[in-house]
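Chemist: Got a structure for you, questions after.
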Amino acid sequence: MKTLILLSTVCLMLVSCDTKTEQVQDATPPKKDIALQLYSLRDDIKKDYAGTIAKVGEMGYTAVEAANYNDGKFYGKTPEEFKADVEKAGMKVLSSHTGRELSEKELKSKDFTEAMKWWDQCIAAHKAAGMQYIVTPWMPTPKTLKDLQTYCEYYNAIGKKCKENGMGYGYHNHDFEYKNKIEDKLMIDYMLENTNPEYVFFQMDVYWVVRGGQSPVDYFNKYKNRFTLLHIKDHKELGQSGMVGFDAIFKNTDAAGTKGLVVEVEQYNYEPAESVKKSLEYLLNCPLVKESYQ
């Protein structure tokens, strides 16, 4: 009996995303709620919008994150049309990447009046499209902590307005926020500490955190429940580089407060659609990835 218990314990310890057991290979992987950032298929969607959306649903993705909001439309479609097209493909509209930078005048004055007019239209369009989240994907690196503080206040104002409209608002990182110091303060730490958790979450791009020389899990534990969405990305297809510790990431999503996973593939070893499909299969076959994070 002791031997059996020991063997069971060892097996549990060895479970990982890279486990290639006969059971995993032969069994049909479970359905999991996993979204795709449509930027992953940016060239395909320009050539064949409807066909690309349909293909993403056929692969087994359950939701999408848009990356082409402009002047009230998504990929040239009205919010209602975009929502209908995604749902026709068997998916839901989860989130969208969009944003508006502050001008030098707005930075100095802290007057967000014109910016918030833009956000009013943006939020209305996203609400009509059925979005749960709006995510700002990038920001310029401020020169001073005063300017970074202004951005934090700006993000709080946007987040408050999103919450009033039944949506969440977040910020998506690259590597520079985890590398750049402003007046001896790491940019990402200042942002996490000076945005209101009630209004602003963070969409951690785990690949860029690693490229920034930091540990995703360390940040999950340091700033608990701040990382509502995760961008699951590797150098190319998921698991391809060996540099991102996906096992540790998926074991610590409770500390992160994660409510959803979003795959993004920016570079490819194969045709983009094949790379996107292989990345989904990696997650479906990973026993550490939950069937749902909601």
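The values are calculated or read from the model by the stated rules, or taken from the named source; none is laboratory data. Please read these numbers as outputs of a predicted model, since none were measured by experiment. Because the Cβ atoms are built from the backbone with ideal geometry, glycine has one as well, and the counts that use them run over all protein chains shown. With ligands, DNA and RNA removed, areas are computed over all heavy atoms of the protein, side chains included. Shrake-Rupley method; radii C 1.70, N 1.55, O 1.52, S 1.80 Å.
Chemist: What are the residues in region 1-48 that are open to solvent by 30 Å² or more (accessible area, probe 1.4 Å), modelled with pLDDT of 90 or more and assigned to a helix (DSSP H, G or I), if any? I'd like the intermediate steps shown before the answer.
Modeler: Taking region 1-48 first, the residues open to solvent by 30 Å² or more (accessible area, probe 1.4 Å) are 1-15, 18-31, 33, 39, 42-44, 46-48.
Next, only the ones that are modelled with pLDDT of 90 or more stay: 31, 33, 39, 42-44, 46-48.
Within region 1-48, 39, 42, 43, 44, 46, 47 qualify.
Chemist: In region 256-272, which residues are open to solvent by less than 20 Å² (accessible area, probe 1.4 Å) and in a helix (DSSP H, G or I)? Walk me through how you get there before you give the answer.
Modeler: From region 256-272, those open to solvent by less than 20 Å² (accessible area, probe 1.4 Å) are 256-258, 260-265; that's our starting set.
Scanning region 256-272 gives a single hit, 256.
Chemist: Testing residue 278 on (1) touching a residue at least 12 places away in the same chain (Cβ under 8 Å); (2) not in a helix (DSSP H, G or I), one condition comes back false. Which one is that?
Modeler: Result: residue 278 passes all but (2).
Chemist: Please specify each residue of region 169-202 satisfying the condition of being touching a strand residue (DSSP E or B) at 6+ places or on another chain (Cβ under 9 Å), open to solvent by 10 Å² or more (accessible area, probe 1.4 Å) and within 15 Å of residue 257 (Cα to Cα).
Modeler: 199, 201
Chemist: Please give the number of the condition residue 95 fails out of (1) under 22 Å from residue 141 (Cβ atoms); (2) crowded, with 18+ Cβ neighbours inside 10 Å.
Modeler: (1)
Chemist: Closer than 19 Å to residue 65 by Cβ and not acidic (Asp, Glu) - does that describe any residue in region 182-197? Before you say what the answer is, go through the steps one by one.
Modeler: Of all residues in region 182-197, those closer than 19 Å to residue 65 by Cβ come to none.
Within region 182-197 (the criterion being closer than 19 Å to residue 65 by Cβ and not acidic (Asp, Glu)), the answer is no, since none of the residues qualifies.
Chemist: Look at residue 248 and say whether it is touching a helix residue (DSSP H, G or I) at 6+ places or on another chain (Cβ under 7 Å), more than 19 Å from residue 64 (Cα to Cα) and either open to solvent by less than 10 Å² (accessible area, probe 1.4 Å) or of a type in the set (Lys, Arg) (or both).
Modeler: Answer is no for this residue.
Chemist: Inspect region 203-225 for any residue being open to solvent by 10 Å² or more (accessible area, probe 1.4 Å), in a loop (DSSP other than H, G, I, E, B) and of a type in the set (Asp, Glu) and give the result as yes or no.
Modeler: No, region 203-225 contains no residue that is open to solvent by 10 Å² or more (accessible area, probe 1.4 Å), in a loop (DSSP other than H, G, I, E, B) and of a type in the set (Asp, Glu).
Chemist: State whether the residues of region 161-180 include one that is touching a helix residue (DSSP H, G or I) at 6+ places or on another chain (Cβ under 7 Å), among the hydrophobic types (A, V, I, L, M, F, W, C) and farther than 23 Å from residue 208 by Cβ.
Modeler: Scanning region 161-180 turns up at least one residue that is touching a helix residue (DSSP H, G or I) at 6+ places or on another chain (Cβ under 7 Å), among the hydrophobic types (A, V, I, L, M, F, W, C) and farther than 23 Å from residue 208 by Cβ.
Chemist: Which members of region 125-152 meet the condition of being part of a helix (DSSP H, G or I), over 22 Å from the mean Cα position of the chain (by Cα) and charged (D, E, K, R)?
Modeler: 146, 147
Chemist: Sticking with this structure for a sec: Looking only at residues in region 126-141 that are open to solvent by less than 10 Å² (accessible area, probe 1.4 Å) and in contact with a helix residue (DSSP H, G or I) (Cβ under 6 Å, 6 or more places away or on another chain), which one is nearest to residue 173 (Cα to Cα)?
Modeler: So, considering only residues that are open to solvent by less than 10 Å² (accessible area, probe 1.4 Å) and in contact with a helix residue (DSSP H, G or I) (Cβ under 6 Å, 6 or more places away or on another chain), the one nearest to residue 173 (Cα to Cα) is 134.
Chemist: Quick check on my filter: what residues within region 267-283 are hydrophobic (A, V, I, L, M, F, W, C) and either at pLDDT below 95 or under 14 Å from residue 18 (Cβ atoms) (or both)?
Modeler: So in region 267-283, the residues hydrophobic (A, V, I, L, M, F, W, C) come out as 273, 276, 280, 283.
283 - this is the single residue of region 267-283 that is hydrophobic (A, V, I, L, M, F, W, C) and either at pLDDT below 95 or under 14 Å from residue 18 (Cβ atoms) (or both).
Chemist: Of these, 76, 72, 90, which one is within 21 Å of the chain's Cα centre (by Cα), on the phi > 0 side of the Ramachandran plot and not hydroxyl-bearing (Ser, Thr, Tyr)? Give the steps one after another, and end with the answer.
Modeler: Details: 76 fails: within 21 Å of the chain's Cα centre (by Cα); 72 fails: within 21 Å of the chain's Cα centre (by Cα).
Of the residues listed, the single one that is within 21 Å of the chain's Cα centre (by Cα), on the phi > 0 side of the Ramachandran plot and not hydroxyl-bearing (Ser, Thr, Tyr) is 90.
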